[in-house]
Amino acid sequence: MVFPYCHKCKGTKDLCGSGRCPLLEEVRGKIQPMAGTGRSVDGASPPSVFVGSFGYPKLTIGPLTSPTPVPIPERLERSDFLYERSIGDIYSIRSSLVRGKYKVDVGTAGNTGPKGSAPLYDIEPKMQIRGRKILDSVQELSLSSRHIETEMKLTRDLRKIEPVSVDAITMPMGPSVDLRSVSLHENAKVPAAVERSSSDDDVTASVATVEMYDSGIPTDHLVRLLSVGMMGEGRRRRLVPTRWSITAVDDTLSLDKKEKVLELPPLDRYLLYEGERFGNHFLIAFFPPPFRFEMMEQWQQGSLWGEGDVIIDHEGPRGRKNYASKITGAYYAARLSALEHLEMIRRCGGISVIRWITEEYWAPLGVWVIRETVRRALKGEALEFEDMGSLVRTVDRKCGMKGWKKKTKYLNNREDTSLDRFL
Amino acid sequence: MFEVDVKVETLKSVFSILTPIVGEIKLSAGEEGWNVKAVDPAHVAMVDLSLSKDAFEKYEIEPMELGLNVERMLEHLKGAKSDDMVHMKLDSDNRLVVSMSNLTLKIPLVDASGFSDPKVPNLALPVGLKLNSGELQKGLKVSASISDHITFDCTEEKLVMTSSEDLSSMTLDLHKGQEYEEIHFEKAAKSSFSLDYFTQLMKGVGPNRDIVINIGNSYPLKMEFDFAEETGHARYLLAPRIESN
């Protein structure tokens with residue numbers, strides 16, 4: 001049963017009152033999970049960690065570990081590897097990752113003193129030693145760029161647990177089980193940039209994010225570090241649910257890109273790129289300054305959340321102050337990839353992203369799909385136009401959704417200009 | 001050498017005029033007074049502000065450039081009463097010392113060495129009108145409830161402000177000799193502007209102030225006014241929204 005509000009909820013708000021999203025239940029039924037057994041998992045963590053969104057300010061944290069031996073465990077977490085697989089394959093690959101969880105307070109991450117200071121359980125005797133140990137292991141995992149052999153002791157037998165987790169923002173995962181303990185059998189391999197930024201208690205998390213990204217640390221690693229409180233000013237460090245961390249990293253990085261792009265010479269042509277993956281169809285248009293960004297989206301008949309209206313979130317040259325609540329995480333992922341492209345071609349301009357989702361997208365994979373598909377589309381050949389009119393006509397011809405013309409803020413015959421045009 | 005005495009009202013005006021455009025400025029303090037030119041990060045709006053040395057009770061300056069954070073200066077000045085006199089000077093650590101009655105602030109300067117002077121477009125605009133800022137504000141306020149842009153259409157006899165979206169629309173007529181005074185008129189002019197920016201600029205202009213606006217055809221808007229008892233002069237430019245085919 002698909003309700004009109006399914007697009008707004010995407011399995012997170014329980015708007016239908018079923019308790020569990022019936023659409024996601026249906027997806028679960030179609031997936032071939034890898035079966036796990038027993039009360040312990042001994043294997044490689046890619047590395048991967050997860051911080052749940054529910055129960056704030058007490059959140060569940062823990063590693064994701066695969067009991068099945070895989071040749072290159074790092075791949076389980078890498079979007080460029082998963083991008084090449086089918087949806088079914090991605091689910092079965094990712095479902096081999098067992099998520100251990102243990103509830104700790106969000107503030108615990110901020111109490112980590114500088115190296116050599118007294119351990120936390122001396123300062124706060126009431127703090128559970130077990131929680132501290134698990135947090136330590138999870139933080140160690142978050143630092144590493146290479147997989148780590150990890151052993152998780154569980155409270156329940158894996159056979160009794162639902163074998164797969166499905167979510168719209170994060171990557172799919174296997175069963176999640178309460179932890180007794182975690183032990184790491186190897187040391188983390190920590191890239192120099194990560195070592196530097198994570199141990200610096202004086203820089204804010206946004207500065208650290210940008211510094212590490214510029215040194216070549218991939219976004220998934222940044223998400224991991226942010227979520228377990230491994231960056232930011234010492235006492236302000238917090239646990240951040242993985243879902244929020246993903247959007248926070250995309251937002252922080254794209255704001256930094258925007259600042260750089262604003263300094264670049266104006267784009268003097270109209271460009272259009274297209275791309276598609278897993279039934280996510282994209283048209284990405286660039287036009288002369290000032291900087292503006294809009295994203296329009298429609299879930300179509302047969303896609304995961306059923307047929308919806310064309311929705312839009314946008315921001316003018318002055319940027320946005322509130323959350324892009326209609327498009328949500330995908331907005332920030334697309335904005336990052338598009339701004340990176342402007343930075344690469346060394347031009348400032350406006351951006352429109354159009355996304356329509358068809359029936360091939362039968363299970364949610366996470367916003368990495370948007371980031372990656374837009375990024376790859378922009379590596380392709382662009383169609384070039386001399387004026388907005390020609391661009392709009394071509395968009396209209398290629399666009400697989402109706403009604404976008406009524407919604408768009410920028411793809412029309414009213415063009416904002418910048419003062420540079422009148423010099 | 002940088003030492004001035006100035007009314008807090010005057011300083012507040014200066015920074016309130018700048019704040020819609022930029023967060024940090026390079027203030028050029030010369031022998032005849034202050035000047036600031038700044039463009040917003042997206043290059044949509046620009047300000048050119050000057051304050052004559054007549055605005056100051058005391059003005060002892062060797063020409064220099066100071067980098068200041070506008071937002072923070074406004075915050076600092078909140079501590080003063082409206083008729084206070086502000087004393088400002090640079091100390092030996094290159095900090096700005098601001099004292100007003102019994103309150104003293106020491107503020108580090110912003111590094112302005114990287115701030116380039118914005119290029120100012122040279123505009124010859126066919127229509128110039130003088131009016132009260134309240135008239136414009138009325139039109140802008142109402143049109144914000146309708147759309148995200150506003151159109152100025154000026155003919156010999158009147159200036160029409162319109163705004164429309166889907167089926168809603170707003171029209172405000174201003175008449176020559178009544179709501180506005182003609183300064184010059186070569187030919188009819190029509191331009192549209194983003195309301196987001198325009199409303200911000202009007203906050204800088206302030207209520208009930210005599211302003212001169214210049215309009216062209218799909219060309220930037222120029223808006224000028226005096227402040228601080230005519231010892232200060234400010235000019236805003238705003239890029240238009242162009243209708244293409």
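The values are calculated or read from the model by the stated rules, or taken from the named source; none is laboratory data. Nothing here was measured: the structure is a model prediction, and the numbers come from that model. Reconstructed Cβ throughout: ideal geometry from the backbone, glycine too, with neighbour counts over all protein chains shown. We work out accessible area using only protein heavy atoms, side chains counted, and drop any ligands, DNA or RNA first. Shrake-Rupley method; radii C 1.70, N 1.55, O 1.52, S 1.80 Å.
Values computed for the structure shown
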| quantity | calculated |
| --- | --- |
| Subset of the range A:324-375 (residues that are assigned to a helix (DSSP H, G or I), within 22 Å of A:ARG397 (Cβ to Cβ) and in contact with a Gly (Cβ under 8 Å, 6 or more places away or on another chain)) | A:THR373, A:VAL374 |
| Filter result for A:ASN280 (without any contact (Cβ under 8 Å) to a residue 12 or more places away in the chain and either in the same structural domain as A:ALA363 (by TED's automatic domain parsing) or surrounded by fewer than 23 Cβ atoms within 10 Å (Cβ to Cβ) (or both)) | no |
| Residue match in the range B:152-171 (condition: closer than 22 Å to B:ALA228 by Cβ and touching a residue at least 60 places away in the same chain (Cβ under 8 Å)) | no |
| Search result, residues across the range A:269-318 that are among the acidic types (Asp, Glu) and away from every other protein chain (no Cβ under 14 Å) | A:GLU274, A:GLU276, A:GLU297, A:GLU307, A:ASP309, A:ASP313 |
| Residues of the range B:40-54 that turn out to be assigned to a strand (DSSP E or B) and either under 11 Å from B:TYR197 (Cα atoms) or at pLDDT below 95 (or both), as a count | 2 |
| Complete set of residues in the range A:285-343 that are of a type in the set (Lys, Arg), open to solvent by less than 10 Å² (accessible area, probe 1.4 Å) and under 21 Å from A:LYS406 (Cα atoms) | A:ARG292 |
| Output for the range A:370-391, where each listed residue is within 14 Å of chain B (Cβ to nearest Cβ) and surrounded by fewer than 20 Cβ atoms within 10 Å (Cβ to Cβ) | A:PHE385, A:GLU386, A:ASP387, A:GLY389, A:SER390 |
| Residue that is nearest to B:VAL97 (Cα to Cα), among those in the range B:113-131 that are crowded, with 16+ Cβ neighbours inside 10 Å and in contact with a Gly (Cβ under 9 Å, 6 or more places away or on another chain) | B:PHE115 |
| Filter result for the condition that a residue is under 23 Å from B:VAL47 (Cβ atoms) and assigned by TED's automatic domain parsing to the domain that holds B:SER218, over B:GLY139, B:GLY177 | B:GLY139 |
| Number of the condition not met by A:PHE422 [criteria: (1) open to solvent by 10 Å² or more (accessible area, probe 1.4 Å); (2) of a type in the set (Phe, Trp, Tyr); (3) away from chain B (no Cβ under 12 Å)] | (3) |
| Within the range B:31-61, tally of residues that are within 14 Å of chain A (Cβ to nearest Cβ) and of a type outside the set (Val, Ile, Thr) | 9 |
| Any hit, the range B:86-109, residues being in contact with a strand residue (DSSP E or B) (Cβ under 8 Å, 6 or more places away or on another chain), within 25 Å of B:LYS222 (Cβ to Cβ) and surrounded by fewer than 17 Cβ atoms within 10 Å (Cβ to Cβ) | no |
| Condition check for B:SER82: at pLDDT below 90 and not acidic (Asp, Glu) | yes |
| Flag for B:ALA38 being in contact with a Phe, Trp or Tyr (Cβ under 9 Å, 6 or more places away or on another chain) and free of Cβ contacts under 8 Å to residues at least 60 places away in the same chain | no |
| Of the criteria (1) out of contact with any Gly (no Cβ under 7 Å at 6 or more places or on another chain); (2) polar (S, T, N, Q); (3) in contact (Cβ under 8 Å) with a residue 60 or more places away in the chain; (4) within 22 Å of A:TRP244 (Cα to Cα), which one A:SER197 fails | (3) |
| Residues within the range B:202-237 that are under 12 Å from the mean Cα position of the chain (by Cα), within 14 Å of chain A (Cβ to nearest Cβ) and either free of Cβ contacts under 8 Å to residues at least 40 places away in the same chain or crowded, with 22+ Cβ neighbours inside 10 Å (or both), tallied | 3 |
| Selection status of B:LEU11, open to solvent by less than 20 Å² (accessible area, probe 1.4 Å), away from chain A (no Cβ under 14 Å) and in a strand (DSSP E or B) | no |
| Flag if B:ALA144 is exposed (fewer than 15 other Cβ atoms within 10 Å of the Cβ) and either touching an Asp or Glu at 6+ places or on another chain (Cβ under 9 Å) or within 14 Å of chain A (Cβ to nearest Cβ) (or both) | no |
